[in-house]
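The structure appears below as structure tokens.
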Amino acid sequence: MNRRTEIAVLLPLISLFCTTALVSMPTLLPDTTRQRPTMEAIRVANPIVVDGKLSEAEWQGPGITDFTQRDPDEGARPSQKTEVWVAYDDAALYIAARMYDTSPDSIVSRIGRRDAELSSDWFFAAVDSYHDRRSGFYFGVNPGGSIQDGANYNDEQSDDTWDGVWEYATTIDDKGWTAEMRIPYSQLRFPDLKEHTWGINFLRKINRRNEESYYVMVPKKESGGVSRYGDLKGIRDIHPPARLEILPYIVSSSLFTNNYRPGDPFNNGRKTSANVGADFKIGLGSNMTLNGTINPDFGQVEVDPAVVNLTQYETFFDEKRPFFIEGSGFLRFGGGGLNSNWGFNWGDPSFFYSRRVGRPPQGSPQHPGFADIPDKTTIVGAAKLTGKITERWSIGSLHAFTSREQAEIDDGTGSRFNDVVEPFTSYNVVRSLWESAEGAQGLGVIGTAALRDLSSPYLEGSYNRRSFALGADGWTNLDADREWVVSGWVATSRIEGSRTRLLDLQQSPLHYYQEPDVTFLGVDSAATSMSGYAGRIVLNKQKGNWKVRSAVGLISPGYDSNDLGFLFLTNVINGHLGVGYQWYEPDGLFRRKGFDVVTFRSFDYGGNNIGDGYFLFMDAQLMNYWGISFNASYLPPQLDNTVTRGGPLMASLYEGWNGGINVSTDSRREVVFNAGYFGARKIGRHRTTTNAGIEWKPGSGVNISLMPYYDLNYTTAQWVTRVADPLATRTYGTRYVFSTIGQKEFGADIRVDWTFTPKLSLQLFLQPLISVGKYSGFKEFAEPGSYRFNMYGENGSTIEHAGGSYSVDPDGPGAAPAFTFGNPDFNYKSLRGNAVLRWEYNPGSTLYFVWTQNRTNELDPGEFRFGRDFGHLFSGSADNVFMVKMTYWLNP
């Protein structure tokens, strides 16, 4: 390792050490100079009927009315008066609000399903019931009775996947509109005290003016969220209730397909299934919650998008299963104390990617023939423990067990076999975080373990036996005003398995130990374990007009948290520095505007420059609420250590310029447009992407959107294959075959949301995709570190195309052996559709009717003709899935 690399490695490690030392220093004192508004809660004398009429005595006295605009005129008094009251009894918190409006006929009242982002008037209440100045819950309602709710964490961040069970009602009258809420204590978390002080904040949105007014308004130049809340006092003699929630379910589904082979004994085009089970929540004390599941149904109602991935890396998909989504904030790692966490040529490795649990089996049958392979791994059981041990100490723990899955094989002669395609696995995550008063500092740890029962030679060679990861993270504000913050994390990992498995792992795309032209790597065929480390330090200025965002991090070649997390890359030392300025005051043309300039560098552990770039970002909002953004970048000459897929370094094909622009219209309008363009001209790649979008809101409960795009990609070094040849001495005994590819891709997301009532909705989703790739100009990589190639068909070499394959003789009459490879041209057409009818027939209880269709077609590879290919979208073989699912919420 040379001196430059040593410095690059040591710098983040020293920085991480300094961060840990800072976090260990005495806690910064809370800002006692900040004036917090205070309001008193009223003890309920008689039962309150939640009907939105505000007729109870508790709502007849004066409420709080001191709201402040944040938009459009920061610091000004609101254009309309808002009055809010808070009351309580032994079982629940009550919030009532009167939104006065001098033009009641101009109130915008749209309806949508829960947590939908609607262009409407809104009223929100946020409650920090634990009074830790870091976390809480928010509850929102609009005049039409649609709701949003979620959890706040890390002071400024929110998670709308939390769905509470609470009551609400609204009315519109000649004075404006009203909202009334009843929030049971079972939905909040608070200690058992004689008298409570809770954090509180309120927000009113007036859609026609794009106006937002807060009880506690945080200026745009400032930072903070929950830590700025006012104090709610006067709540006495209440106790956290015993918490038990049970959610039993029943589900039935049928699959109909014409995508099967004649004579397949396992697939006649139809398959039905049914299942029953239950999820449950148990309160452990006042602050801890145990979530569990018995015979879980972890299928997802919404479909994943179709993608065409020509890289060697895995595609990341979002989690959509409720059990894993709810409470996921307790398992988040890294990024604490930050309100932005940028990365350039960098992706933080995640410790927990929940879609690893219950994934499709990763193994293959060991016998030929017809196969009945499970489409997902059965989750035997799962449990999750989340909450706070003390006021400043939270904990999250998740444990899941998936079964040993077998494929049944029929070899066509009457013999059948059961081949294991996924071993029994235990997935485990434990996370703990300590935060100082008002979150000025924090220190946390996380640990994961994936343990497998490998009881056959096939499993031994295909799976890791044990995988562990351990991390620590922390942050500290560097001044009492919280203008500057340092945040960092450090991690280590270890994988254990057989020699065969570790040999494959070392040569996999995430590690590439076999790279022949580097000295710091090397394949160890005797290894039965692999270990590595990673870390990152971030320094941000996150208040005021000027912003600074900087970071330096590293991931060693042997680091691997992928068994239970998601890993983007290894063997990298990366850093960036960004400076930006934001104008928040309207100037007659713009309501706000800003820019950022950023530079980054990346090196591998041999000191090779594998990333280098300069970026400019600009964004603005016009006075008419149109938005415009622009970006441009330049990437200087650099090396690429992944394009040859374990081979020598190549000069990067990404050297060059790119830029883009996006424009959007006022989101309040009945019809909203957006459009964008991206272009890149680089030494090995020319690309243009054009996208557009239209959103139409023809009625209060109907929303229709169409978002098409068209992508043209011309790359002169697209990977094809590798061929071993000891005569290829310049490239270390292997010929790395590339080609030019011209790829054209058209796709669109089409959505129709039709909400009949806030509790009954129909959602339609359609995604057509046409992706065509034409390969030409086949060649082999000529010299490590360069961007030079030897073209086949020139200088004595030959190439012939016959049928579905190419035959290549790299030196014609010379001694090098000829080889063949298949025609890589493709024409992938996919049509995915999803229809979901949701009915929340009781609080917390839902009935789903779901229809999913997936069509694929691969005719005419390499030839793009839009009309013909679009027609083929509807003629491909179809899979239809019909599902009915019912849940019923019990709170005994």
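Numerical summary
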| read-out | value |
| --- | --- |
| Subset of the range 81-97 [in contact with a Gly (Cβ under 7 Å, 6 or more places away or on another chain) and touching a residue at least 40 places away in the same chain (Cβ under 8 Å)] | VAL84, TRP85 |
| Residue satisfying all of: in the range 76-112; touching a Ser or Thr at 6+ places or on another chain (Cβ under 8 Å) and of a type in the set (S, T, N, Q); modelled with the lowest pLDDT among these | SER109 |
| Filter result for THR599 (closer than 22 Å to THR715 by Cα, in contact (Cβ under 8 Å) with a residue 12 or more places away in the chain and of a type in the set (Val, Ile, Thr)) | no |
| Cβ-Cβ under 7 Å pairs, at least 6 apart or on other chains, the range 220-241 side of a type in the set (Phe, Trp, Tyr), far side in a loop (DSSP other than H, G, I, E, B) and at pLDDT 95 or above | TYR229/VAL216 |
| Residue, nearest to GLU783 (Cα to Cα), within the range 488-509, restricted to residues that are of a type outside the set (S, T, N, Q) and open to solvent by less than 30 Å² (accessible area, probe 1.4 Å) | LEU505 |
| Residue in the range 110-122 that is aromatic (Phe, Trp, Tyr), open to solvent by 30 Å² or more (accessible area, probe 1.4 Å) and within 26 Å of ASN703 (Cα to Cα) present | no |
| Within the range 720-821, strands (runs of 3 or more DSSP E) holding 3 or more residues that are under 30 Å from PRO698 (Cβ atoms) and aromatic (Phe, Trp, Tyr) | 734-757 |
| When residues of the range 434-487 are limited to those that are part of a loop (DSSP other than H, G, I, E, B) and small (Gly, Ala, Ser), the one surrounded by the most Cβ atoms within 10 Å (Cβ to Cβ) | ALA440 |
| Condition check for PHE566: buried (at least 22 other Cβ atoms within 10 Å of the Cβ) and closer than 30 Å to TYR513 by Cβ | no |
| Which numbered condition SER364 fails, given (1) closer than 30 Å to GLN187 by Cα; (2) of a type outside the set (Val, Ile, Thr); (3) in a loop (DSSP other than H, G, I, E, B) | (1) |
| Pair list, Cβ under 6 Å, 6 or more apart: the range 669-680 residue farther than 26 Å from TYR634 by Cβ and surrounded by 17 or more Cβ atoms within 10 Å (Cβ to Cβ), other residue at pLDDT 95 or above and charged (D, E, K, R) | VAL672/GLU695 |
| Scope the range 607-631; condition farther than 30 Å from THR519 by Cα, open to solvent by 30 Å² or more (accessible area, probe 1.4 Å), outside any loop (DSSP other than H, G, I, E, B) and not aromatic (Phe, Trp, Tyr); matching residues | LEU616, MET618, ASP619, GLN621, LEU622, ILE628, SER629, ASN631 |
| Search result, residues across the range 16-48 that are within 40 Å of the chain's Cα centre (by Cα), of a type in the set (A, V, I, L, M) and either assigned to a loop (DSSP other than H, G, I, E, B) or modelled with pLDDT under 90 (or both) | LEU16, ALA21, LEU22, VAL23, MET25, LEU28, LEU29, ALA41 |
| Matching residues, the range 130-188, being open to solvent by 20 Å² or more (accessible area, probe 1.4 Å), of a type in the set (Ser, Thr, Tyr) and in a strand (DSSP E or B) | TYR138, TYR153, SER158, TYR168, THR170, THR171 |
| Exclusive hit being over 28 Å from THR740 (Cα atoms) and at pLDDT 90 or above, set PHE870, PHE882, PHE874 | PHE882 |
| TYR138 vs. criteria without any contact (Cβ under 8 Å) to a residue 24 or more places away in the chain and either in contact with a Ser or Thr (Cβ under 6 Å, 6 or more places away or on another chain) or not polar (S, T, N, Q) (or both) | yes |
| Set ASN674, ASN574: member being closer than 25 Å to GLN542 by Cα and in contact with a strand residue (DSSP E or B) (Cβ under 7 Å, 6 or more places away or on another chain) | ASN574 |
| Options PHE600, PHE590: the member that is at pLDDT 95 or above, of a type in the set (Phe, Trp, Tyr) and either open to solvent by less than 40 Å² (accessible area, probe 1.4 Å) or in contact with a Cys (Cβ under 9 Å, 6 or more places away or on another chain) (or both) | PHE600 |
| Test: ALA371 is more than 28 Å from the chain's Cα centre (by Cα), open to solvent by less than 20 Å² (accessible area, probe 1.4 Å) and more than 30 Å from SER135 (Cβ to Cβ) | no |
| Residue tally, condition basic (Lys, Arg) and surrounded by fewer than 10 Cβ atoms within 10 Å (Cβ to Cβ), over the range 251-280 | 1 |
| Output for the range 681-712, where each listed residue is surrounded by 15 or more Cβ atoms within 10 Å (Cβ to Cβ), modelled with pLDDT under 95 and farther than 30 Å from PRO143 by Cβ | LYS682, ILE683, GLY684, ARG685, HIS686, ARG687 |
| Qualifying residue in the range 193-208 (condition: under 25 Å from the mean Cα position of the chain (by Cα), surrounded by fewer than 22 Cβ atoms within 10 Å (Cβ to Cβ) and farther than 18 Å from ILE48 by Cβ) | no |
| Residue pairs meeting the criteria (Cβ under 9 Å; at least 6 apart or on separate chains; first closer than 24 Å to PRO824 by Cβ and among the acidic types (Asp, Glu), in the range 761-790; second open to solvent by 50 Å² or more (accessible area, probe 1.4 Å) and in a strand (DSSP E or B)) | GLU780/ASN790; GLU780/MET791 |
| Yes/no for THR820 being open to solvent by less than 60 Å² (accessible area, probe 1.4 Å) and in contact with a Phe, Trp or Tyr (Cβ under 9 Å, 6 or more places away or on another chain) | no |
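Each row is one residue, and each column tells you yes or no for (1) more than 22 Å from LEU470 (Cβ to Cβ); (2) in contact with a Pro (Cβ under 7 Å, 6 or more places away or on another chain); (3) open to solvent by less than 60 Å² (accessible area, probe 1.4 Å); (4) not in a strand (DSSP E or B).
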| site | (1), (2), (3), (4) |
| --- | --- |
| GLY335 | no, no, yes, yes |
| ASN345 | yes, no, no, yes |
| ASP348 | no, no, yes, yes |
| GLY396 | no, no, yes, no |
| PHE401 | no, no, no, no |
| GLU408 | yes, no, no, no |
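Results for (1) free of Cβ contacts under 8 Å to residues at least 60 places away in the same chain; (2) of a type in the set (Gly, Ala, Ser); (3) outside any loop (DSSP other than H, G, I, E, B), shown as yes or no for each residue.
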residue: PRO62; (1), (2), (3): yes, no, no
residue: GLN69; (1), (2), (3): no, no, yes
residue: PRO78; (1), (2), (3): no, no, no
residue: GLY112; (1), (2), (3): no, yes, no
residue: SER119; (1), (2), (3): no, yes, no
residue: ALA125; (1), (2), (3): no, yes, yes
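The values are calculated or read from the model by the stated rules, or taken from the named source; none is laboratory data. None of these values were measured; they are calculated from a predicted model. Every residue, glycine as well, gets a Cβ built from its backbone with ideal geometry; the counts of neighbours run over all protein chains shown. Just the protein is used for accessible areas: all its heavy atoms, side chains included, with ligands, DNA and RNA removed. Shrake-Rupley method; radii C 1.70, N 1.55, O 1.52, S 1.80 Å.
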